Amino acid sequence: MTGDDTFKIGDRVFRSRLMVGTGKYKTNEEMIAALDASGAEIVTVAVRRVNLDRTKESLLDHIDTDKYTLLPNTAACFTADDAVRTSMLAREAMDTDLVKLEVIGDEKTLFPDNEALLVAARILVKEGFTVLPYTTDDPIMARKLEDAGCAAVMPLAAPIGSGLGIRNPYNIRIIMETVSVPVIVDAGVGTASDAAIAMELGCDALLMNTGIAGARDPVRMARAMNCAVEAGRLAYLSGRIPRKLYATASSPLDGLIG
């Protein structure tokens, strides 16, 4: 993308609109190669699943923080209190006010508990965090999260790790009309076409983990997702032609002499 097509999260400016996770890779070397191929500038780290004791080996030892902005997330938190405590721990250990806020409401579907999410978001905003909440594709909740002071909203495309792609593009579009903060599609992206569709809708960015890490060739898939996000963004900025029921000639016949 061109250098002037940037987006902001809080007071931070980014060029890449692809954000990626660090879980589920076979090796740390594979993860590093995939991060590089993705072109991402923001990488997520599940706080409750990594060793935060920097005197011992940790996933964090393998991430170049001069190259990537860390986005700790509160995955596996099932209450607002747990999510707030985990966020506080992440800020202390990783020296960042950024947090991807997750409060899970159901172990099977991993859908968020929106009521608890809103409670935790309000607390963390007051504590000075830059909050990016993982939520359902509910425009009303998106507006409430923005009103609470969240720096972005992250509606799911489909259940986490499902690879189903965007199940309700119409709600995503309504969310984009409802809020003024960035809309970052999160969860459910399975392949490059899913990523392109999200960006063609006009979403500001996209976050994924399983779609890359779970692929047969994660590094190649990371490159594909990078290209898809850029292509989708360019298509959105270009403005697609209207959909029509009937054909329109590419070489018009009007005005030709018989």
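Quick notes on this structure:
- Looking only at residues of region 155-172 that are assigned to a loop (DSSP other than H, G, I, E, B) and of a type in the set (S, T, N, Q), we find that the one that is farthest from G21 (Cα to Cα) is N168.
- Any chance T86 is assigned to a loop (DSSP other than H, G, I, E, B) and either open to solvent by 60 Å² or more (accessible area, probe 1.4 Å) or in contact (Cβ under 8 Å) with a residue 12 or more places away in the chain (or both): no
- When region 89-124 is filtered for residues that are among the charged types (D, E, K, R) and surrounded by fewer than 22 Cβ atoms within 10 Å (Cβ to Cβ), the ones remaining, listed by number, are R91, E92, D95, D97, D106, E107, K108, D113, E115, R122.
- Selection over region 48-74 of residues that are over 21 Å from F14 (Cβ atoms) and open to solvent by 10 Å² or more (accessible area, probe 1.4 Å) gives a count of 13.
- Each residue in region 179-190 was checked for being modelled with pLDDT under 95 and on the phi < 0 side of the Ramachandran plot, and 3 of them qualify.
- Just one residue in the set A120, A152, A142 is among the small types (G, A, S) and closer than 18 Å to T86 by Cβ; that residue is A120.
- A Cβ distance below 6 Å, combined with a sequence gap of six or more or placement on separate chains, defines the contacts here; from region 233-258, residues that are closer than 29 Å to A192 by Cα reach no residue that is at pLDDT below 90.
- Test result for L207, open to solvent by 60 Å² or more (accessible area, probe 1.4 Å) and out of contact with any helix residue (DSSP H, G or I) (no Cβ under 9 Å at 6 or more places or on another chain): no
- Considering region 162-201, the residues that are charged (D, E, K, R) and under 17 Å from T109 (Cα atoms) include one that is least open to solvent (accessible area, probe 1.4 Å), namely D186.
- When region 8-34 is filtered for residues that are over 23 Å from A228 (Cβ atoms) and among the aromatic types (F, W, Y), nothing remains.
- For E107: the one exception among (1) in contact with a strand residue (DSSP E or B) (Cβ under 7 Å, 6 or more places away or on another chain); (2) more than 18 Å from G10 (Cβ to Cβ); (3) not aliphatic (A, V, I, L, M): (1)
- Residue check for K26: touching a strand residue (DSSP E or B) at 6+ places or on another chain (Cβ under 8 Å) and open to solvent by 70 Å² or more (accessible area, probe 1.4 Å): no
- Which listed residue, of K100, K56, is of a type in the set (K, R), without any contact (Cβ under 8 Å) to a residue 24 or more places away in the chain and out of contact with any helix residue (DSSP H, G or I) (no Cβ under 8 Å at 6 or more places or on another chain): K56
The values are calculated or read from the model by the stated rules, or taken from the named source; none is laboratory data. These numbers come from a predicted model, not from an experiment. Positions of Cβ are backbone-derived with ideal geometry, glycine not excepted, and every protein chain shown enters the neighbour counts. To get the accessible areas, we keep the full protein, side chains included, count just its heavy atoms, and leave off ligands, DNA and RNA. Shrake-Rupley method; radii C 1.70, N 1.55, O 1.52, S 1.80 Å.
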